[in-house]
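Here's the structure we're looking at; comments come further down.
The values are calculated or read from the model by the stated rules, or taken from the named source; none is laboratory data. The model shown is predicted, which means the values in this text are computed figures rather than measured ones. Every residue, glycine as well, gets a Cβ built from its backbone with ideal geometry; the counts of neighbours run over all protein chains shown.
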Amino acid sequence: MSTPTSGVEIVPDPQEPRKPPVVTLQAEKLTRVFGRGPSRHVAVQPLDLQIDTSTALGIVGESGSGKSTLSRLLVGLDTPTAGEVLIDGTRISQLMSTPSGMRRFRATVQYVAQDTFSSFDPRRTLRDSVATPLRVLRGVKGEEAEAEIREVLTLLQLDPGFLDRYPGQISGGQRQRFALARSLVVRPRILMCDEVVSALDVSVQGAVLNMIREYCETHSVGLGFVSHGLPATAFISSTLLVMKYGEVVEHGPTKDVIENPQHPYTRSLLDAYRRGPAEIKADSVA
Amino acid sequence: MKNRLSPQGQAPARSDIPQLQRRSFLLGSLGVAAVAALSACADQSTASSTSGSSGGSGDTSEIVVAVSALAASLNGVLDGNGISLQAFELNANLQAGLVRNPYIDDETEGCVVQDFNTYVGYVADSYDVSEDGLTYTFHMRDGYTDVEGNAITADDVVYSFERKWASESYSTASWGDFKGPDAVTKVDDMTVQIEIPSAGFGLTFLGLLANLQGHIYSKTILDANATKDDPYAMTWSAQNGGWGLGPYYMESQTADQEMVLVANPNYAYGEPEVKKVTLRVVTDAGTRASLMKSGDVILSEDILPNDQATLAEDSSLTVPVVGDPIEYVDLTLVTNKAPFNDLKVRQAFMNAIPYEQIIEEVYAGRAVLKKGNINPSTKGYTTDGIPDMVYDVDKAKSLLAEAGMDSLDFTLTVSTATQDLVNLCILIQSYAADAGFNVEVEQLSAAEFGTARSGATKQAILYRNRAQVQTPEYSCITFFKPGDDPSSPSRWSDELNDQFWDEVDAARALPDQLSDEAGEHWNAAQTIMVTAAAEIFICAIQPTQVFSNSITGWAYRSENQNDFGNFSIS
Amino acid sequence: MRVLTFLKQVPVLSLVGAFALLFFVIFGGMLAPYDPERVVTGALQSPSTEHWFGTDATGMDVFSRVMAGAQIDIALALVVTVVATVAGVVLGIVIGTFESRRGLAGMAGRGITRFLDLTDAVPPLVIGVVIVGLMGATLTSLSIALALIMSPVQARLTRAEVLKVRNDAYVEAGLMAGLRPMQVTFRHVLPNSMRPAIENCSTVFGFSVIVLASLGFLGVGLNPPTPEWGNMISSGVSGVMLGSWWPVLFPALALMLAVIAAAAVAGLLTRLSRGPAAR
């Protein structure tokens, strides 16, 4: 990997040979309600969870289960109706209230969403989009930034030549990986991924999953992996959280949940997977 | 270009007017978009169809006339705001007074003018005057009835004066010291006596009876429509016809679009030849002119002088010319403030106006120079000695120098409703500059202009004016009332004004207003008035109508409206 | 319409259009052979070698007035277009960003949105008449009035686009990159929301001149004999019926060419605003 650089204060250098400090992202009685009156909709029921730099938490559920809302709450893109998200014991609402606190939090926790046509600003080159977080959050500019970006692109098997292109000029799969690159250049300690492989071609899904898992393990990065696909989630996670209608119906070590599902909903998810065409087999990529 | 903001939305559909297609072709699509947006402002409604009763051909007893607007009320002078050209049209056709001016031949063949020196019976059969000139006795017509056949008697005359004076919005100002209904006495069913305050007022009194103020109404019909709250049926009469005694009664109307007048079978002078007149609103003057050219209407009112000149080349059309046009262009220099409180400045500006150019360029020759505002055809009166209106830069400059100035900036205000006057302002601006006058032209909407005129709030204003009662007294003093009177737009008041009133009073003291002696005093008063230059009579404008040669009996009247009752169609 | 679409595709014509507009704004008056505000000869003379576009109903030279009018109409329409677009875009961004928020900012945003809807219901001429009535008819007051009339349209167009754009994922990506919401607004939302307003510039340009003329007709425009195309058209239009076409045709043509030139320039701006990928 690259040479050590002086990062933002609280971000431990992942290249530090010894154990980087542990970062813990916690949710306490986290609740999100949309609307009022008859249109009131509880997207996330009060829940507690914790992700630290050694965790790979899988969040699985059907669309509308509140898993995406949960992930957005965890990274501070949405504000909870009740409850708190804390990072190392500090409320993120408090951190986010100052620009420097916000930047420290963003540098620590990154978020990658499922690719859409609008993942990148159509008016800016991919280089510009990828370099921005690097510059803003870590103060890395110029050639140094270029080198770091190329390094991450190599990791994601992306052609650095694409950097001069506009988002409309590359494929959806390439854009998804660029979105990952945009987050990874920040060197976050916790990475939240929302449906990041769903849009990918089956042939590259496994490679990307492997890459994410390997990256998180080697760099001590905590992972939150949100998906409606149970196999991919099960493959990548050490802990699994199953959501339905905004409620956590099952939460435990992935192995336990898969082998011994307690909730009928979890069982039905597993059944559906076993009956349906195999999207991806955990052992095929293991 | 998608004009998503257009206040008018679509351009108005004007299907069967071929000239519009030609215009569209000329201007191209965008030009039309611009023009449509503009003319849509001008033409909220316009002739949508000219089919139906014929204009120039077919049944000669029904005619279609293009007018610029319709009066909102039929009450005419009884409504305070009823004094509009449109209301005057209804005066001429729906109403009749005790007497009227007979028609006599004039310059244009087949056309007649009012003889303002003579009054003959109208609703009354005849009248006579007492020795002292103070009592007028009117003899009613035998067997005379209104539209519905109710007898018209002395009671209707008494009632008509009561009704006028009872209307809160009716202005009695032009009647002077006349006592109104108190001066009107029924002698018997067929005889009415009216007392007037002075013998000299007699001529103007007859003028008021004949034109504008003296209409007689059918008491029976109005009583039938009276209510407790509205004993004179003013509300009903504003929108319903049949209560007047003119040659026509209003049969139906669509506000701002069309009004249908039907011949009164019991008219004092016999049922008119033209049985039905449709007044169709065409707001754009150019469109009215083109409808005339295409023969879609038999008569168009309020045509611009340039268009009249063009239409005059068409041998099937008559563009009337008269010897003494009544309507005139009035430039009021408001004397209640600088700079026109200074006589020299007023006189200087009077010499800086290009009269001849205005007549030629703005009015295409269809206007004449004017000396004062008393009708020159008035018996006993001449315009001798009244200064000529001349554009004389050197004189203007020297007068301005006498007033201690070498140049003067001022604002000339005009209403957007009168495009000819806007053009006239531009001509004045161009020519007066050579004499040191820097004229800023200000346009106001018609309503704002009216307020500015009566309030004397501007420096100088330009408008068209006319005296509907063409007697020396009425013409000479109506717009020069003493004091801060809203009917005196110039507020002229100085030594010259005192001399003016001395002459006016001397003339009014004479019992015979048409005598040479009276004429001399009126001439002196007019000379002073013109010299004072508080109001400058720029020119008198020829009639604004154009009509088909098939019409004979078109009459030029003091209100410049058409008396359809006198028409014959060949 | 097809002509305008064509123009938008040819950048060279856009540049020609921009050049022509600027040229006439700067030099229009100098090209006038006669004083455009003075009667120079007889009224309604048809086009001749002496008076190329003829003379109008008062005897002023139509060619001189069309040339001098460019300085008034194009300059005013350009100013109005720029001011209305800048103001409208800023307003549209602000309300589009804030109207769905809770609290005071949201209430203000929603209030302004309702107000803009209301202005749509009031005829623009009425707004113009009121403003000019209060301030008097000068180039400045007319520019302000017209900008006020036009900016709600630009604001509505921008707001609608903001509502779309702010849900685009790159807006959140901007936040994740550590940019503050205002930075995201200026960096991402603003450039991506301007396109409809910029595309509408040529309409605003043309409409400005037409409203200006309509105001003149209502007596609240520039006073005569200011050489202004709309006034020239409206005062000459009656004469067209009976053959005096020149006092109307030439200013109408000038207006048409100016709007086409403006459309060409707007086409270029639209291409720029669409973003590089779409080029």
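Looking at region A:221-233, is at least one residue outside any helix (DSSP H, G or I), touching a Pro at 6+ places or on another chain (Cβ under 7 Å) and in contact (Cβ under 8 Å) with a residue 24 or more places away in the chain? Checked against the condition, which is being outside any helix (DSSP H, G or I), touching a Pro at 6+ places or on another chain (Cβ under 7 Å) and in contact (Cβ under 8 Å) with a residue 24 or more places away in the chain, region A:221-233 yields at least one hit.
With the condition being of a type in the set (Gly, Ala, Ser) and touching a helix residue (DSSP H, G or I) at 6+ places or on another chain (Cβ under 9 Å), I'd like the helices (runs of 4 or more DSSP H) fully within region C:104-223 carrying at least 1 qualifying residues. By residue number, C:124-135, C:139-165, C:169-176, C:190-193, C:195-199, C:201-217. Counting only helices (runs of 4 or more DSSP H) that sit completely within region B:201-305, those holding 1 or more residues that are at negative phi and within 14 Å of chain C (Cβ to nearest Cβ) correspond to B:285-294. Of all the criteria given as (1) away from chain C (no Cβ under 14 Å); (2) surrounded by 20 or more Cβ atoms within 10 Å (Cβ to Cβ); (3) over 30 Å from B:Gly214 (Cβ atoms), the one not satisfied by B:Glu442 is (1). For C:Val90, the conditions (1) more than 28 Å from C:Ala145 (Cα to Cα); (2) modelled with pLDDT of 90 or more are fulfilled apart from (1).
B:Thr118 is checked against (1) surrounded by 17 or more Cβ atoms within 10 Å (Cβ to Cβ); (2) more than 16 Å from B:Gln561 (Cβ to Cβ); (3) free of Cβ contacts under 8 Å to residues at least 40 places away in the same chain and fails just one. What number does that condition carry? The one condition B:Thr118 does not meet is (1). No other residue among A:Val152, A:Val136 is in contact with a helix residue (DSSP H, G or I) (Cβ under 6 Å, 6 or more places away or on another chain) and either assigned to a helix (DSSP H, G or I) or surrounded by 23 or more Cβ atoms within 10 Å (Cβ to Cβ) (or both) apart from A:Val152.
Any idea which residue in region B:182-204 is nearest to B:Gly380 (Cα to Cα), counting only those that are touching a residue at least 12 places away in the same chain (Cβ under 8 Å) and of a type in the set (D, E, K, R)? Among residues in region B:182-204 that are touching a residue at least 12 places away in the same chain (Cβ under 8 Å) and of a type in the set (D, E, K, R), the one nearest to B:Gly380 (Cα to Cα) is B:Glu195. Remark: pairs (first residue in region B:298-311, closer than 15 Å to B:Gln419 by Cα; second residue assigned to a helix (DSSP H, G or I) and hydrophobic (A, V, I, L, M, F, W, C); Cβ separation under 6 Å; 6+ apart in sequence or on different chains) = B:Ile303/B:Ala289; B:Leu304/B:Ala285; B:Asp307/B:Ala289.
Residues are listed down the side, and each one gets a yes or a no for (1) surrounded by fewer than 23 Cβ atoms within 10 Å (Cβ to Cβ); (2) closer than 30 Å to B:Thr418 by Cα:
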| residue | (1), (2) |
| --- | --- |
| B:Asp512 | yes, no |
| B:Gly519 | yes, no |
| B:Pro543 | no, yes |
| B:Gly553 | yes, yes |
| B:Arg557 | no, yes |
| B:Phe564 | no, yes |
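When C:Gly206 is tested against (1) without any contact (Cβ under 8 Å) to a residue 24 or more places away in the chain; (2) at the interface with another protein chain (Cβ under 9 Å from one of its Cβ atoms); (3) within 26 Å of C:Ala266 (Cβ to Cβ), only condition (1) is not met. Apart from one condition, C:Ala57 fits all of (1) of a type in the set (Gly, Ala, Ser); (2) under 29 Å from C:Ser202 (Cβ atoms); (3) in contact (Cβ under 8 Å) with a residue 60 or more places away in the chain; the exception is (2).
Looking at this structure, is C:Leu142 surrounded by 24 or more Cβ atoms within 10 Å (Cβ to Cβ), away from chain B (no Cβ under 13 Å), at pLDDT below 90 and under 26 Å from B:Glu440 (Cα atoms)?
Numbers: surrounded by 24 or more Cβ atoms within 10 Å (Cβ to Cβ): yes; away from chain B (no Cβ under 13 Å): yes; at pLDDT below 90: yes; under 26 Å from B:Glu440 (Cα atoms): yes.
The answer is yes for C:Leu142.
Quick one: which of C:Ile93, C:Ile74 is within 19 Å of C:Ala263 (Cα to Cα) and either in contact (Cβ under 8 Å) with a residue 24 or more places away in the chain or surrounded by 23 or more Cβ atoms within 10 Å (Cβ to Cβ) (or both)?
The conditions single out C:Ile74.
Quick one: which of C:Ala147, C:Ala121 is more than 14 Å from chain A (Cβ to nearest Cβ) and under 15 Å from the mean Cα position of the chain (by Cα)? Give the steps one after another, and end with the answer.
On the way: C:Ala121 fails: under 15 Å from the mean Cα position of the chain (by Cα).
The unique qualifying residue is C:Ala147.
Restricting the search to region C:52-67, which residues are within 14 Å of another protein chain (Cβ to nearest Cβ) and on the phi < 0 side of the Ramachandran plot?
Step one: list which residues in region C:52-67 are within 14 Å of another protein chain (Cβ to nearest Cβ), which gives C:53-62, C:64-66.
Correct list: C:Phe53, C:Thr55, C:Asp56, C:Ala57, C:Thr58, C:Met60, C:Asp61, C:Val62, C:Ser64, C:Arg65, C:Val66.
Taking the listed residues B:Asp156, B:Asp182, the one that is part of a helix (DSSP H, G or I), within 18 Å of B:Asn75 (Cα to Cα) and acidic (Asp, Glu) is B:Asp156, with no other qualifying.
Of the set (1) surrounded by fewer than 24 Cβ atoms within 10 Å (Cβ to Cβ); (2) more than 18 Å from the chain's Cα centre (by Cα), all apply to A:Asp121 but (1). Among the residues making up region C:225-274, those that are buried (at least 24 other Cβ atoms within 10 Å of the Cβ), assigned to a loop (DSSP other than H, G, I, E, B) and within 10 Å of chain B (Cβ to nearest Cβ) are C:Pro225, C:Met241, C:Ser244. Counting only helices (runs of 4 or more DSSP H) wholly contained in region A:1-111, the ones carrying 1 or more residues that are modelled with pLDDT of 90 or more and within 30 Å of A:Asp271 (Cβ to Cβ) occupy A:67-74.
Residues of region A:73-89 that are free of Cβ contacts under 8 Å to residues at least 40 places away in the same chain and surrounded by 15 or more Cβ atoms within 10 Å (Cβ to Cβ): A:Gly76, A:Leu77. Candidates in region B:322-357 are the residues that are among the small types (Gly, Ala, Ser) and surrounded by fewer than 23 Cβ atoms within 10 Å (Cβ to Cβ); of these, the one that is nearest to B:Glu440 (Cα to Cα) is B:Ala338. Here A:Val196 does not fit the description of being within 17 Å of the chain's Cα centre (by Cα), in a loop (DSSP other than H, G, I, E, B), within 11 Å of chain C (Cβ to nearest Cβ) and aliphatic (A, V, I, L, M). When the criteria are applied in full, A:Val226 meets the requirement of being crowded, with 17+ Cβ neighbours inside 10 Å and either touching an Asp or Glu at 6+ places or on another chain (Cβ under 8 Å) or within 19 Å of A:Ser54 (Cβ to Cβ) (or both). When B:Glu360 is tested against (1) buried (at least 19 other Cβ atoms within 10 Å of the Cβ); (2) in a helix (DSSP H, G or I); (3) within 14 Å of chain C (Cβ to nearest Cβ), just one condition goes unmet, and that condition is (1). Answer yes or no as to whether A:Ser220 is at positive phi and modelled with pLDDT of 85 or more. Spelling it out, A:Ser220 is indeed at positive phi and modelled with pLDDT of 85 or more.
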